[in-house]
Structure formats: structure tokens, C-alpha cells
Amino acid sequence: MEHPILFISIILEKLGLPVPHGFVGHTFLEQICAPYMTYTWLVMAFLFIVSKLTLGNLEMIPGGGQNFWEIVIGGMDDFFADNMGREMTDKLFPMIATFALYIAVANLIGLIPGFMSPTSSINTTLALTIIVWITHHVIGFRAHGLNYYKHFIGPMWWLIPLMLPIELISNFARLLSLSIRLFGNIMAKETLLGILFMLAGAFFAPLPIMVLGVLVSLVQAMVFVLLTVVYIAQAQEHAH
Amino acid sequence: MSSFKKEMIHLLANYGHVGFTFVACIFIGLGGGIILDQKVFDGSTAPWFTFIGLAFGIAAGFKSLFDILWRVKKNDGKNDGKDDGRG
């Protein structure tokens, strides 16, 4: 397969910085210049600059930019409050909303030629997932103290030998399924688009996949956030 | 966004990860069993912990499947009640 053309990597190579040819580099500088890292920074800069431009001066009568953000943030706030309660939402809204915006933008940016989705690398998604996984356990411990272990022993004491491994396995499976689902969907989209561009780019063959890609990007961002909210809500509520 | 699209994205978000969670549970169980057999007990207990881990993994897969189904059912009931209350 041909190498995809990534304009940040080209610029960095022109500047004389080492851009790794594999997925990750060997030296520290190569690892920093890997495409998924540079595009992560691009997404972060995009979110910073766009929100600064549209929300720099808040007005009583919102204009177009402020209206958009009010709908997005208000919708997410309602959705979180429905699922995990007002108090938890106020505490964790910055983290989860940042994840939602970051994942949505990072997924969608890969549809533009010359860009790549940072989420099509397992490193990015695994990092996000580990943060979510540790957070939901910390919240469980803070809500229940040491009684948190009751979440893992099932409803009756004589079922403990059966339920403890099952609960532990299904808890660790969250780590795997949450990261690999996002990574797999986005990488499949990127690879498919790349192959179709190479085979029949002149006949607009990638166009239907791009339409599907928009749907997949939004749904995967939504799934990630929904599951984060559900895990936190479950860690917080009382054991059955 | 139209309400149909919103509904569809909600459904996809709720049910789209059923298969993946199931498979992840089985692989975690199987992997745990293989590690117990090969690394912890140095192959002296093979293949027993592998099979036990596989069985627990499959059980955990079904458990997480039922968790998803029950959670969606509960949420649907809650939302229906809210809609009725609104009028």
C-alpha cells in the first residue's frame, strides 16, 4: 500500500525533524514526531483556538458561534445529568466533555485528505481508556469506601467463588473492549479509505465510505462517552 | 438533527458494543487461564486452567450481555415514565 500523505509529517521532515517511518519511533524525538502525536496536538490546538475565537467574549444575545457551543455543551450536560446525577456531572463534566469533543474531532479529521485520525492508533485510545477505567474505580472507592468490594462478589455469599472471577473478568474486559472498539472502527475507516483512494480515487469510489465514516465517527465518540458515563454511574450506585 | 437519526444513534450506542464486549470477556478469561497454566504453574497444570478460564470468560460474556440488556430495559422504563408524566 502506498504511504498516506500527511502534511504535518512533510513539514516536519522539511524542518529536519526525524519522522518515524513505522508506527512509533525509537528515540524520544522520533516518538514525539510520530503522526498520531502531531495530529493529536493539531486537534488540541484546533479545539483551543476555535473555542477561544467563538467564546472569547460572551454576550447576552448569543451569536452563531456561541449558539453552537451552548447547544453542544447544554446537550451533553443534560445527557450526563440524566445518567449519573447532577452532583457527579458537575464534578466530572470537564473531563468527559473534553473526551467527547476530542474524540469526535479526532475521528472526523481523518476524513480530510492530508490528515489522519489520532484515534486510529491504539496508543491514543488505550490512554483514554485507562484514564476512564481508573477514574471509575476511584469514584467507586470514594463513594463506598472499602465496601466497594461488594460490587464484585455477587448477590449471595455462596455464589462468591463463581461470581468473583466473572465480575473481575467482565471488569477487565471493559479496558479491552472500550479501547479496541474505538481503535478498530477508526483504523478500519482509515485503511478502507486509503485503499479505495489508491484503487479508484478518480471515480469517487471513497465517497460512500466517507458518508459512512461521518456516521461511524460520531457514533463511536458517542459510544465512548455513553459507556464512560454508564461505568461511572454503576461504580457509584449501591451493589445489588 | 432529526429525531429519527437521534434515536438511531442512541440505539447504535446502546447495542453496538454488545458483540465486542462479549468477545473481550472471552479473550480476557482465556488469556488469564493460559497465563495461570504456562507462567504461574509452569505448564504442570495444563490444560485445566485454560479450560476453566475459558468457561469463566464465556460466563462473564453472557453476564455483561445481560447487564447491557437489563440496563437498556431499565432506562427505557424510566424514559417512558418521564414522557407519560410530561403529558
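Every number in this text was worked out from the coordinates using simple rules, so none of it is lab data. Treat the numbers as computed from the prediction; the structure is a model and nothing was measured. Every residue, glycine as well, gets a Cβ built from its backbone with ideal geometry; the counts of neighbours run over all protein chains shown.
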Checklist entry - Going by the alpha-carbon gyration tensor, a ≥ b ≥ c the square roots of its eigenvalues, is the range B:7-74 rounded (a/c under 1.5) or, if a/c is not under 1.5, prolate (a/b greater than b/c) versus oblate? => result prolate
Next on the checklist: Along the charge dipole of the range B:7-74, pointing to its positive end and built from +1/-1 on Cβ of Lys, Arg, Asp and Glu, which listed residue (B:V18, B:P47, B:G32) has its Cα farthest out?
Outcome noted: B:V18
Item to check | Over the protein assembly as shown: helical MRE at 222 nm, DSSP H runs n ≥ 4 each giving -39500 (n - 2.57), nearest 500 | outcome: -26000 deg cm²/dmol
Checklist entry - By how many degrees, 0 to 90 and rounded to 10, does the Cα axis of helix A:64-84 deviate from the longest principal axis of chain A? => result 30
Checklist outcome for this item: Looks like the protein assembly as shown, by Cα gyration tensor root eigenvalues a ≥ b ≥ c and the a/c under 1.5 rounded cutoff (else prolate when a/b is bigger than b/c, oblate otherwise), is oblate
Item to check | Sum of side-chain charges, A:G154 neighbourhood, beta-carbon under 12 Å (Lys, Arg +1; Asp, Glu -1) | outcome: +1
Item to check | 3J(HN,Hα) from dihedral phi, the range A:48-54, Karplus parametrisation 6.51/-1.76/1.60, rounded to Hz, x for glycine, proline | outcome: 4, 5, 5, 5, 5, 5, 8
